[in-house]
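Here's the structure we're looking at; comments come further down.
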Amino acid sequence: MTVAIYPGSFDPVTYGHLDVIGRAAGVFERVVVGVLANPRKAPLLSTAERLTVLRTAIDETLPAAAPRIDVVAFDGLTVDFARASGGHFIVRGLRAVSDFESEMQMAHTNRKLAAEVDTVFFMTALEHAYLSSTLVKEIALLGGDVSAMIPPAARGHVGTHRTVG
Ligand code: PNS
């Protein structure tokens, strides 16, 4: 079985992340979404919230693929998480050229740490290419409308319940 892990902070999950998860599920038989429990920056959402929001958003947005997508928390090295999950691939999304430099550095570093694990990149759909969790949080905290950026399950967790219209 081809297993891929998709590690990230998901603070909160955006439609861009969900797009990448859907694309990965189209290629791999099982996708394990890994929520980094202690990212470098203190997260706005707790680990439990990020897990619940992701699970709900995946079930609602990608119902056909959802049974093949797991959502779990992890800590420590991504390559150790990949090995523990039986995954030989790390999935990451690329929105723009600006993502490439840091992603290339991570991919090479991870390969140095675990030669048997490859990183696979998916281009985020153009309509989601502008999205970032950091900007979503800022907009929501300042009272802006983020309903086109994050799934309904995430909205109550970023300081707004507002919707378009
Ligand atoms: O959603 P993010 O914040 O862009 O995800 C970054 C993440 C979780 C993929 C990265 O920080 C990571 O892999 N952290 C785990 C620690 C680790 O393995 N570091 C070495 C990676 S080169």
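Quick note: the coordinates plus some simple rules give every number you see, no bench work behind them. Computed from a predicted model, the values in this text were never measured in an experiment. When we count neighbours, we look across all protein chains shown, and the Cβ atoms used for this are built from the backbone with ideal geometry, even at glycine.
Looking across region 23-58, the residues that are of a type in the set (D, E, K, R) and either out of contact with any helix residue (DSSP H, G or I) (no Cβ under 6 Å at 6 or more places or on another chain) or within 16 Å of the ligand (Cβ to nearest atom) (or both) come down to ARG23, GLU29, ARG40, LYS41, GLU49, ARG50, ARG55. Whether any residue in region 96-114 is within 16 Å of the ligand (Cβ to nearest atom) and in contact (Cβ under 8 Å) with a residue 60 or more places away in the chain is what I want to check. No, the conditions are met nowhere in region 96-114. Each residue in region 106-124 was checked for being small (Gly, Ala, Ser) and surrounded by 16 or more Cβ atoms within 10 Å (Cβ to Cβ), and 2 of them qualify.
Here are the criteria: (1) closer than 16 Å to HIS157 by Cβ; (2) in contact with a Ser or Thr (Cβ under 9 Å, 6 or more places away or on another chain). Tell me which single one GLU60 does not satisfy. Answer for GLU60: the failing condition is (2).
Residues in region 1-17 that are among the aliphatic types (A, V, I, L, M) and crowded, with 21+ Cβ neighbours inside 10 Å: ALA4, ILE5, VAL13.
Look through region 1-16, keep the residues that are assigned to a loop (DSSP other than H, G, I, E, B) and either over 9 Å from SER133 (Cβ atoms) or not hydrophobic (A, V, I, L, M, F, W, C) (or both), and return whichever of them is nearest to the ligand (Cβ to nearest atom). Looking at residues that are assigned to a loop (DSSP other than H, G, I, E, B) and either over 9 Å from SER133 (Cβ atoms) or not hydrophobic (A, V, I, L, M, F, W, C) (or both), I get SER9. Please go through region 59-95 and give me each residue that is part of a helix (DSSP H, G or I), within 11 Å of the ligand (Cβ to nearest atom) and small (Gly, Ala, Ser), ordered by number. ALA82 - this is the single residue of region 59-95 that is part of a helix (DSSP H, G or I), within 11 Å of the ligand (Cβ to nearest atom) and small (Gly, Ala, Ser). Against the conditions (1) over 20 Å from TYR6 (Cα atoms); (2) of a type in the set (Lys, Arg); (3) under 14 Å from the mean Cα position of the chain (by Cα), ARG95 satisfies every one except (1).
Cβ-Cβ distances below 9 Å connect the following pairs, each with a first residue in region 126-137 that is buried (at least 20 other Cβ atoms within 10 Å of the Cβ), a second residue that is of a type in the set (A, V, I, L, M, F, W, C) and part of a helix (DSSP H, G or I), and a separation of six or more residues or different chains: VAL136/ALA154. Condition first: free of Cβ contacts under 8 Å to residues at least 60 places away in the same chain, surrounded by 14 or more Cβ atoms within 10 Å (Cβ to Cβ) and of a type in the set (Ser, Thr, Tyr). Now tell me which residues in region 31-75 satisfy that. The one that is free of Cβ contacts under 8 Å to residues at least 60 places away in the same chain, surrounded by 14 or more Cβ atoms within 10 Å (Cβ to Cβ) and of a type in the set (Ser, Thr, Tyr): THR47. Scanning region 115-140 for residues that are near the ligand (Cβ under 10 Å from one of its atoms) and either more than 14 Å from the chain's Cα centre (by Cα) or among the small types (Gly, Ala, Ser) (or both) returns THR119, SER132, SER133.
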